Amino acid sequence: MAGFKVILAATPEELMQFFYKLKNDEIPLDNRLEHAGRILGLRTAQIICAFGFNRYAKEMSELLPYLGFLSNDELANARNDIFSSDIYKHLSLDNILSIYTVTRDDPDSLQLMPYLLKRRLENIEGKIESTVNSLIIDKYKAEMRCIYNDGIANLEFAEERLSKKNSGFRALLNEVVIIIESRLIPAGDIFFRDTILPEEKRKILNKGLIPKELIQSRLTDATVSPEEKNILNDYLRQTRAP
């Protein structure tokens, strides 16, 4: 049996070996994906995403009928829907992180990913809001760290996340620090934004990423909220030389 990671990273020759054993013209097209799942020992969602995100899949259209698909577009649509909507149910966290690992080396998938990520994160965050499930929250945090650390998130993605005022999810993730550590946007740039929560700025300060001169400059801004001013002044008092 071929595992998820094996299919995801397989060469064209290996894909032929894995999927040729699935050939059975007597099985109706609609039943072939389930048949493949029984032989490979994988969920159908795992097969669709492992093969669908393999960088060579689009060159292997002769294998599509073995999985019950008639075209690359049909496979891609199914893959995109599963990836965007599944919340660690049919695809495990490890499956998702493995997809990101191969995506960073595949220009076509990397270009598509910001669109898929937007839909996926909306679904995950909606689920968290409705259930407050700690297991989902922990997996969500791990996934978001991977998105930034593996270079999946681009500047446009980070800017959109930072533009959301009073983002509880961004604060939950400590996302501003992750963005800074990923070197997508400098700490000083983020620090002066009004869309960033005071508590988020406290975390940036606690990392020692902001010079005192910038903190003092921020304090001169009349539009800064009292809460933020208190945090900035507290930090300056705590770090003042004895």
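A few remarks follow.
- Residue list for the stretch 119-135, restricted to those being within 18 Å of S167 (Cβ to Cβ), of a type in the set (V, I, T) and surrounded by fewer than 16 Cβ atoms within 10 Å (Cβ to Cβ): V132
- When D73, D108, D30 are screened for being in contact (Cβ under 8 Å) with a residue 24 or more places away in the chain, part of a helix (DSSP H, G or I), over 27 Å from R145 (Cα atoms) and among the acidic types (D, E), only D30 passes.
- Given (1) surrounded by 13 or more Cβ atoms within 10 Å (Cβ to Cβ); (2) over 21 Å from the mean Cα position of the chain (by Cα), number of the condition L8 does not satisfy: (2)
- Of residues in the stretch 84-141 being among the basic types (K, R) and over 21 Å from A9 (Cα atoms), the one modelled with the lowest pLDDT: K118
- Residue list for the stretch 50-87, filter: closer than 16 Å to L116 by Cβ and touching a Lys or Arg at 6+ places or on another chain (Cβ under 7 Å): G52, F53, F83, S84, I87
- Complete set of residues in the stretch 3-36 that are small (G, A, S) and within 19 Å of S61 (Cα to Cα): A9, A10, A36
- Failed criterion for D138 (all others in (1) closer than 21 Å to S182 by Cβ; (2) surrounded by 13 or more Cβ atoms within 10 Å (Cβ to Cβ) hold): (2)
Rundown of residues vs (1) hydrophobic (A, V, I, L, M, F, W, C); (2) closer than 30 Å to D234 by Cβ, yes/no style:
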| position | (1), (2) |
| --- | --- |
| A153 | yes, no |
| I180 | yes, yes |
| R183 | no, yes |
| R202 | no, yes |
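- Considering residues of the stretch 158-196 that are surrounded by 16 or more Cβ atoms within 10 Å (Cβ to Cβ) and among the hydroxyl-bearing types (S, T, Y) only, the residue nearest to the chain's Cα centre (by Cα): S182
The values are calculated or read from the model by the stated rules, or taken from the named source; none is laboratory data. Computed from a predicted structure; not experimentally measured. In this analysis, Cβ positions are derived from the backbone assuming ideal geometry, glycine residues included, and neighbour counts consider all displayed protein chains.
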